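Novice: Sharing a structure below in C-alpha cells format, with a few things to ask.
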Amino acid sequence: MSKIQTIAQDAKNAAAKLGIQKFDIYGSTVDETSVQVDSGEPQQMKASQRSGVTVRVWNGGTVGVTSTTDVDPVGLELALKTAFEASAFGATENVPDFSPEAMATIEDHKASAPTTSTVEKLLSTLVSAEKALLESHAAITAIPYNGLAERALERFYINSNGATRHESHAVASVYLYTKTEQENRKPRSAGAFRVGYGVDELDIKACVKEAADKTISHLDYEKIQTGKYRVVFSPEAILGLVGAFSNLFNAQSILDNQSLSTAESLGETIASPLLSLSDDALHPENIGAETFDGEGTPTRCIPLITNGVLTSFIHSAGTAKRMNTTPTGNASMGAKVGVSRNFLHLFAGEPATEIYSLETAENVILVDELSALHAGVQSLQGSFSLPFDGWLVNKGVRTSIDSATIAGDIREVLKAIIFVEPETHFTGSGVAPYVWVEGLSVTGG
C-alpha cells in the first residue's frame with residue numbers, strides 16, 4: 001500500500017470513529033538542500049523538510065478547516081476532530097463543496113524523479129559559478145545574492161467520496177546577483193537564474209554569462225529625460241506587470257468586488273488584438289508543473305485573453321458554482337479556498353501589420369525588470385508607478401538608464417500594444433515574448 005493510500009485509509013478510519021461523514025485533505029511536502037557562498041567560501045548550507053496538510057470537515061451546512069504537519073493516525077484523528085469542532089463557527093453562505101472534477105481523469109504529464117546531489121557537489125558548482133562571474137569583469141566585486149538548491153516536492157489530495165490524487169517531482173534552481181564598485185560611479189547590479197529538473201540540467205554557464213552581460217551593460221549609465229516613450233517590456237517585466245493585475249481574470253476577486261472586471265466582462269475587448277494570454281499549468285516549459293489544484297481539480301490551459309478579448313476567468317469549485325461554470329484547476333487551499341494563477345503564457349494574437357526590431361528602432365526604452373510591484377501598483381484603480389532597470393536603445397546601441405520610473409494604467413497599456421514579438425522566453429512564472437507599447441510616461445532621475 002502506498003503512502004497516500006495509507007493516509008486515505010487512516011483518515012477514513014478516524015472519520016468513522018468520530019462519526020464524520022464528509023471530509024477532504026490536501027497536503028504537500030518539500031525536501032530541500034540549498035547552499036550559498038561568499039568569496040569562494042560556504043556562507044550557508046541548509047537541508048530542510050517542510051510539510052503542510054489542510055483538513056476540511058463538513059457538518060450539515062457548515063465547514064470547519066484546520067491545518068497540521070502530522071499525517072500519522074493520531075495526527076489525522078486530531079485534525080479531523082479539530083476541524084469538526086471548528087465547523088460550528090463556519091460560514092453559512094457560499095459554503096464550499098467538493099470539486100465536481102475531483103475524480104476526473106488527469107492527463108499524462110512529464111514528471112521528474114527526485115535526484116539527490118551531495119552538499120559538496122552543490123558547493124563546488126556554486127563556487128565555480130561565483131568565481132567565473134567575478135572574473136568576467138574587474139568592476140564586479142561581489143555576488144552578494146546567490147544560491148543553488150535542489151528540491152523534491154510531493155502533493156496529494158483525498159476526500160471521503162474516494163478521490164485520491166498524488167504527484168511528485170524534482171526541481172533545481174540557481175541564481176546569481178552581482179554588485180559592482182567603480183570610482184566615482186554608483187554601484188550597479190544585475191542577476192540571472194536558471195531552473196531545471198536537476199542540478200546536472202542547469203545551464204550554469206549561460207546563467208553566469210547573462211548575469212555578467214547585464215551587469216557590464218549597466219556600468220555606463222546616464223539619466224533620461226522625462227517624457228512619453230515607446231517602451232519594450234522584457235518577458236519578465238510584462239509578466240510581472242500583468243500578474244500584478246491578475247484580478248482582471250480572477251473569479252474570486254470579481255465576486256469580492258476587488259477586481260477591474262465584473263461578471264459581465266467576458267467578451268469585452270480589454271487589450272490590443274495583437275495580444276493573447278493563457279494560464280497554462282501544463283505548459284512544456286513549466287518545470288515542476290502541478291497536475292491538480294488544492295481541491296483535486298485537474299489543471300489545464302485556460303485562455304484568458306484571445307486576440308485582445310477577455311475570454312475566461314480562473315476558478316475554484318466554489319467560484320465556478322456561483323458563476324454557473326466549471327472549475328479551472330486554480331484553487332489554493334488554506335483557511336479558506338483561494339484562487340490563484342498557475343503559469344502565464346503570453347503570446348502573439350492577430351498578425352501585426354508592422355514589425356519592430358531593437359536593432360533598427362530609435363530611442364526606445366527597454367524595460368528589463370520592474371521593482372516595487374508590491375508597493376507601486378494600485379490594483380483596484382489599474383494604475384502603477386514603478387522603478388525599473390533598463391536601457392535607452394538607439395539602433396541596437398544600449399545605454400543604461402539611471403534611476404527612472406514608468407507609470408500608466410494597465411488598461412491603457414494593454415490597448416496601446418503595437419507589437420508582440422513571436423519568440424517567447426521562460427521567466428520562472430511563465431513564458432512571454434518582448435512586448436512593444438506606444439506612449440508610456442517615464443520619469444527620469
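Novice: So what's the back-of-envelope 222 nm ellipticity for the chain, counting only DSSP H runs of four-plus at -39500 (n - 2.57) apiece and dividing by all residues, rounded to 500? Each step should come with its number before you reach the end.
Specialist: Working: 8 runs with 87 residues, N = 445.
So the helix-based figure for the chain works out to -6000 deg cm²/dmol.
Novice: Let me ask something additional. Compute the Rg to Rh ratio over the stretch 220-445 from the alpha carbon atoms, using the Kirkwood formula for Rh, and round to two decimal places. Walk me through the numbers before you get to the answer.
Specialist: On the way: Rg = 17.9 Å, Rh = 18.1 Å.
Computed over Cα atoms, the ratio is 0.99.
Novice: Here's something else I'd like to know. Can you tell me what percent of all Cα-Cα pairs in the stretch 23-164 are more than 20 Å apart? Can you show the working numbers first?
Specialist: Working: 6430 of 10011 pairs.
Within the stretch 23-164, distances greater than 20 Å cover 64 percent of Cα pairs.
Novice: Still on this structure, I have one more. How long are the three semi-axes of the equivalent ellipsoid for the chain, computed from the Cα gyration tensor as the root of 5 times each eigenvalue, in whole Å, largest first?
Specialist: Values: eigenvalues 350, 175, 62 Å².
Largest first, the chain gives 42, 30, 18 Å.
Novice: Pull up the DSSP beta bridges for the chain and report the antiparallel fraction as a percent, rounded to 5. Provide the component values of the computation, followed by the final result.
Specialist: Values: 106 of 114 bridges.
Given both bridge residues lie in the chain, the antiparallel proportion sits at roughly 95 percent.
Novice: Per 0.36 nm of contour for each residue apart, how much would the distance between Lys179 and Ala88 grow if the chain were fully extended, relative to their Cα-Cα spacing? Before the final figure, lay out each step's value.
Specialist: Details: separation 91, 0.36 × 91 = 32.76 nm, distance 5.52 nm.
Here the answer is 27.2 nm.
Novice: Label-point separation (nm) for Thr164 and Phe426, each offset 7 Å from Cα along Cα-to-Cβ?
Specialist: 3.3 nm
Novice: Still on this structure, I have one more. Within the chain, which complete DSSP H helices have Cα atoms spanning at least 18 Å along the helix axis and a mean Kyte-Doolittle hydropathy of 0.0 or higher? Walk me through the numbers before you get to the answer.
Specialist: Details: long enough: 3-18 (22 Å, -0.29); 73-86 (20 Å, 0.73); 119-134 (22 Å, 0.87); 204-217 (20 Å, 0.06).
Membrane-span-like by this rule: 73-86, 119-134, 204-217.
Novice: Which three semi-axes in whole Å describe the equivalent ellipsoid of the stretch 225-319, each the square root of 5 times a Cα gyration tensor eigenvalue, listed largest first? All intermediate terms of the calculation are to be shown ahead of the outcome.
Specialist: On the way: eigenvalues 128, 69, 33 Å².
Here the semi-axes work out to 25, 19, 13 Å.
Novice: Give, as a single signed number, the net charge of other residues whose beta carbon lies under 13 Å from the beta carbon of Val337, with Lys and Arg counted +1 and Asp and Glu -1.
Specialist: Values: positive: Arg56, Lys321, Arg322, Lys336; negative: Asp24, Asp97, Asp256, Asp293, Glu295.
Every neighbour counted, the sum reads -1.
Novice: Return the whole-Å distance between the Cα centroid of the stretch 372-445 and the Cα centroid of the stretch 322-366.
Specialist: Taking the Cα centre of each part, the stretch 372-445 and the stretch 322-366 sit 14 Å apart.
Novice: Lys and Arg at +1, Asp and Glu at -1: add these up for the other residues within a Cβ distance under 12 Å of Arg50 and post the number.
Specialist: On the way: positive: Lys46, Arg151; negative: Asp31, Glu32, Glu154.
Here the count lands on -1.
Novice: Excluding Val74 itself, calculate the net charge of residues whose Cβ lies under 12 Å from the Cβ of Val74, where each Lys or Arg counts +1 and each Asp or Glu counts -1. Each step should come with its number before you reach the end.
Specialist: Details: positive: Lys17, Lys81; negative: Asp10, Asp70, Asp72, Glu77.
Residues near Val74 contribute -2 overall.
Novice: Taking each pair of different alpha-carbon atoms in the stretch 334-445 once, compute 1/r for the pair, average those values, and report the inverse of that mean as the Kirkwood hydrodynamic radius in Å to one decimal.
Specialist: Numbers: mean 1/r = 0.0632 Å⁻¹.
Across the stretch 334-445, the inverse of the average 1/r is 15.8 Å.
Taken together, the values in this text are just the output of simple stated rules run on the coordinates, not laboratory data. Only a predicted model underlies this, so the values are computations on that prediction, with no experimental measurement involved. Positions of Cβ are backbone-derived with ideal geometry, glycine not excepted, and every protein chain shown enters the neighbour counts.
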